[in-house]
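What follows is a short report on a single structure.
Read-outs throughout are calculated quantities, based only on the coordinates presented, and are distinct from any laboratory measurement. Predicted model, so just to flag it, every value in this text is computed and none were measured. With ideal geometry, Cβ positions are generated from the backbone for all residues, glycine too; neighbour counts draw on all protein chains shown.
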């Protein structure tokens, strides 16, 4: 078992190393000079060269990369070209907003998706099943930006119930979290139904029913635990995607998270900020995948034995 954890840590480190290489190279092959954009087109050549030397952009690429990785290992992600502040400070200011939004979206999805999927599976072919799965299909197909705009139009412009944007109150969290949870909720509901239908046909479920166990006990204790493995996998990936920054949702509702920060960094060619956002997103993905592996061992004894 210790060897398994050591191997998982080494694999995670290898993934993060490759992420740093890819993002470092891809950012720098895009045309444009970030220093010239920062100083303006009227800046003198001497000022531009001095700024390049200050930020290390006059050095060879491999030296810039080693400097970036070395600083990241020490917790130093560099300084923003636009904000003139440490990237770590900017991430610490924006990451809690993304965590708050993602947690609210996941909470809404879990509370609504699992009961809907289970009910649809138990009552397969009923009117409720068709309505729930039809709504889930629409939820997956609906563009997030369109849904956000429609919610703003209805609840903010027409009814005046909720604020259009910003962060700080529960009312400002409602529409962004509902918008962000729609796709995840629809996906989990459909996946829960399909897996529950498959598990409910298993022999051990029929045996539990033949013993006279209550249907609720059969569904929630025997069937749901076995059906949860693929659901946990998809949920982990979706949480990782939400934590890495829901750019569209944060932009529509002017939510000050890392998605908005990444968008501004892309527009302004702020290399250090964009590198920091991608690195933090990769770390979040790795952590979520590690938690999913642990849940696998808890839910399925076969994984523990393997």
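Tabulated data for the structure shown
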read-out	value
Order of 62, 79, 123 under a 10 Å beta carbon neighbour criterion, fewest first	62, 123, 79
Inter-probe distance in nm under a simple model that places probes 7 Å from Cα toward Cβ, at residue 217 and residue 25	5.9
Additional length obtainable on full extension of the chain from residue 45 to residue 9, 0.36 nm per residue less Cα span	8.3 nm
Calculated FRET efficiency for the pair residue 76/residue 251, C-beta based, R₀ 30 Å, to 0.05	0.55
Cα gyration tensor category, rounded, prolate or oblate, for region 79-163 with a/c compared to 1.5	prolate
Global form of the chain, assessed from the alpha-carbon gyration tensor, a/c cut-off 1.5	oblate
Segment residue 197-residue 69, length gained on full extension (0.36 nm per residue, minus Cα span)	41.3 nm
Rounded if a/c under 1.5, otherwise prolate or oblate - region 177-291, Cα gyration tensor axes	prolate
Whole-angstrom gap from region 265-298 to region 130-183, using each part's C-alpha centre	26
Exposure proxy order (Cβ contacts within 10 Å, fewest to most) of 15, 23	15, 23
For region 65-216, alpha-carbon Rg relative to the globular expectation (2.2 N^0.38 Å, N residues)	1.50
Packing-based exposure ordering (other Cβ within 10 Å, fewest first) of 260, 192, 20	20, 260, 192
Additional length obtainable on full extension of the chain from residue 89 to residue 294, 0.36 nm per residue less Cα span	70.7 nm
